Amino acid sequence: MKNKLRLAMTAAFMAILILPSLAWGVLQLIGMKNPAVTEMLDYDLGENRERAPFPESFDPDEYTRQLEAYYNDRAPFRSVLIHWNRRLSGKLEAVYQSSVEPKLIAWLYGRENPGNPELPTLPSVVFPSNTPGSDQGQGSLPSGTPGADSPAPPDSDPSPMPSGGERHNYLVAEQTLPACAEEGSITYRCEDCGDTYTQTLPAAGHDAESRVVEPSLLNYGYTEFSCRVCGKTWRGEFVQKPIDNSYFPPRQAGDYTVLGRYNWLFYRGNSTLSYYRGMNILTEQEMAEYLAALQQLQDVCDRKGIRLCFMVIPNKEEVYDEYMPTYQIADPLKRDERLAAYISENSQIDFLYPLEELKTGKVCYDTYYQYDSHWNNAGGFLGVQALYEALGMPVTGFTDWSITQVSGAPTGLIATGGLDPANYPEDHDYVIDYRPKVQVTGVEGEKSILCSTGIYRAWSDCGNDQKLVLLGDSFRVAMLPYLEKDFAEICVAHRDEKNKVKQDIREADVLVVTAVERFDKAVVETAQALAGYLND
């Protein structure tokens, strides 16, 4: 009896081990003639990564792990099994978060009332002081303006007497009506001698209608304005959102996704939590070594007449700390805040860490994606404006451009955590109608976060004849729509591709080295390599 039972158990084990692979092989053969079968059972799960390759060489310490990773990425019915596991886990997680967790927290820790700190001071870089009003006309010429009905010179005498004593017979030769935010002009020409002069007409101003949006735990309150004439939209009159200060236990999904408050997700790889908790502060000696490496490139660029700037882009959790779980913070003054202050105090190097710009800007528009670690188009815009301020270039704000909210934001942290997308409402991004009159005359390469490596080049008729070269990581992509309209030529590449753009680096008028905060050391390593290129 025992032998029969053992035999049955062995047969069942072998069937479980072998039959799925056999069935999968049959379905793969069917899929060769009918691709719909393969697409139904083996589809993209949105994991935002490549499958593990088969190990190319035998390494006693790594071979088993590499082989296991290869098989796990190609296991029979993998996509279907992970999909249903996500759905089941998601339903259980939703029940836990909505019914069980709040009662446990209230019982164990109590609950503080959400705080309501004062609204931060908004710098002019984000919200210019001349916010468009709603009572400045419909876009036609103002009453009484020369040219509104029958154009005439501004002087009371329509034929002014020049110094030589000769009177002119001026007629309107050309006129451009003012737009909402743009001046117009009238050019007059003397019918007898051809003498001309031009009168400037003031901008008509926006004729705006408004909509009030109340604050919530996820959004600041604001008034949204929309011009009836030109269609431009902007936000103003902001109201602080309530902040939930209650205890929220740290939890994660998978190895790299942190579950934050109100469905916000954060990345925990690359020692990100150490940055957030202030546990990896650089020593004075380490900061001095960083500075020495950056100074080396600065000295080379100064000799060659290249304008140089460094930027470390804050990790998402530094900007949206109100949605982070309750962690004990070892030091509130974090690593790169200290580094930026040290470099500023001990050198003339432009080293940017635009934390305050991004935290202030999020009052108006979200600056990072809710389900991804990257900043969005609004965050990229603020980063570019911080860069322009350091370079001494003209700086604009959100209210200078029409901004549209769009769907289709990336959701990499949902897939990374193996979470069910059905439990996460769709996130959004923004399209900023930046410098619409500037034409991008040519491009090479792609604008995509998924294209983590690669080179993007663009040319425009912006009037600034400088060439910008920027080296960074995937965060560089959200900066492209603005950089390509402010320089005659740009070359923006992943820092791993720096060998392929050596000539561009040597030809640069402006050189920018960036990295997201969790890779801040890459700024130093890239600077060291570029100093070598420029000294060749």
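The values are calculated or read from the model by the stated rules, or taken from the named source; none is laboratory data. As the structure is a prediction and not an experimental result, all values here were calculated from the model. Cβ placement follows ideal geometry from the backbone for every residue including glycine, while neighbour counts extend to all protein chains displayed. In case anyone asks, the SASA skips ligands and DNA or RNA and just uses the protein heavy atoms, side chains included. Shrake-Rupley method; radii C 1.70, N 1.55, O 1.52, S 1.80 Å.
Classify region 211-255 as rounded, prolate or oblate, taking a ≥ b ≥ c as the square roots of the eigenvalues of its Cα gyration tensor: rounded when a/c is under 1.5, otherwise prolate if a/b is larger than b/c and oblate if not. In terms of gyration-tensor shape, oblate.
When only alpha carbons of region 233-342 are considered, Rg and Dmax amount to 18.4, 55 Å. Distances over 17 Å make up what percent of all Cα-Cα pairs in region 240-298? Value for region 240-298: 61 percent of Cα pairs lie more than 17 Å apart. Considering every alpha-carbon pair of region 391-508, the percent of pairs per 5 Å bin, from zero through the bin containing the longest distance, is 2, 10, 17, 19, 18, 14, 9, 6, 3, 1. The simple spin-label model puts a point 7 Å past each Cα toward its Cβ; for GLU286 and GLU345 those points are separated by 1.7 nm. In the context of the full protein assembly, MET393 retains an accessible surface of approximately 40 Å², using a probe radius of 1.4 Å and ignoring ligands and nucleic acids. I'd like the FRET efficiency for LEU67 and LEU7, computed as 1/(1 + (r/R0)^6) with the beta carbon distance as r and R0 of 30 Å, rounded to 0.05. Between LEU67 and LEU7 the formula returns 0.50. Couplings 3J(HN,Hα) for region 361-377, derived from phi with the Karplus relation 6.51 cos²θ - 1.76 cosθ + 1.60 (θ = phi - 60°), are x, 5, 4, 8, 9, 4, 10, 10, 6, 6, 10, 8, 7, 8, 6, 9, 5 Hz, where x marks Gly and Pro. Full extension of the segment from ASP433 to SER21, taken as 0.36 nm per residue of separation minus the current Cα-Cα distance, would add 143.1 nm.
Across GLU337, GLU322, GLU182, the residue with the most accessible area heads the list, and the full order at a 1.4 Å probe is GLU182, GLU337, GLU322.
Computed over all pairs of different Cα atoms, the Kirkwood value for the hydrodynamic radius of region 387-453 is 15.8 Å.
Counting protein heavy atoms only, region 413-536 has 46 percent of its accessible area on carbon and sulfur, 1.4 angstrom probe. ASP321 contributes an accessible area of around 60 Å² to the protein surface, as traced by a 1.4 Å probe with all chains present.
Can you give me the % of accessible surface on region 187-261 that is carbon or sulfur? Probe 1.4 Å, all protein chains present, nothing else counted. List each step's numbers first, then the result.
On the way: 1640 of 3560 Å².
That share works out to 46 percent.
Ignoring any ligand, DNA or RNA, what whole percent of the accessible area of region 269-346 comes from carbon and sulfur when the probe is 1.4 angstrom? About 43 percent, which is the carbon plus sulfur part of the accessible surface. Solvent-accessible area of TRP234, all protein chains in place: 0 Å² (probe radius 1.4 Å, heavy atoms, ligands and nucleic acids excluded). Determine the shape class of region 447-536: with a ≥ b ≥ c the square roots of the Cα gyration tensor eigenvalues, call it rounded for a/c under 1.5, and otherwise prolate if a/b is greater than b/c, oblate otherwise. Oblate, because a/c is 1.5 or more while a/b does not exceed b/c. Excluding same-chain neighbours fewer than eight residues apart, the lysines reachable from LYS316 by a Cα-Cα span under 16 Å are LYS334, LYS359, LYS362. Between amide H atoms placed 1.01 Å from N, distances below 5 Å from LEU470 occur with CYS491, VAL492, ALA493, VAL512, all of them 5 or more places distant or on a separate chain.
Here the alpha carbons of region 457-499 define both size measures, Rg and Dmax, at 10.3, 31 Å.
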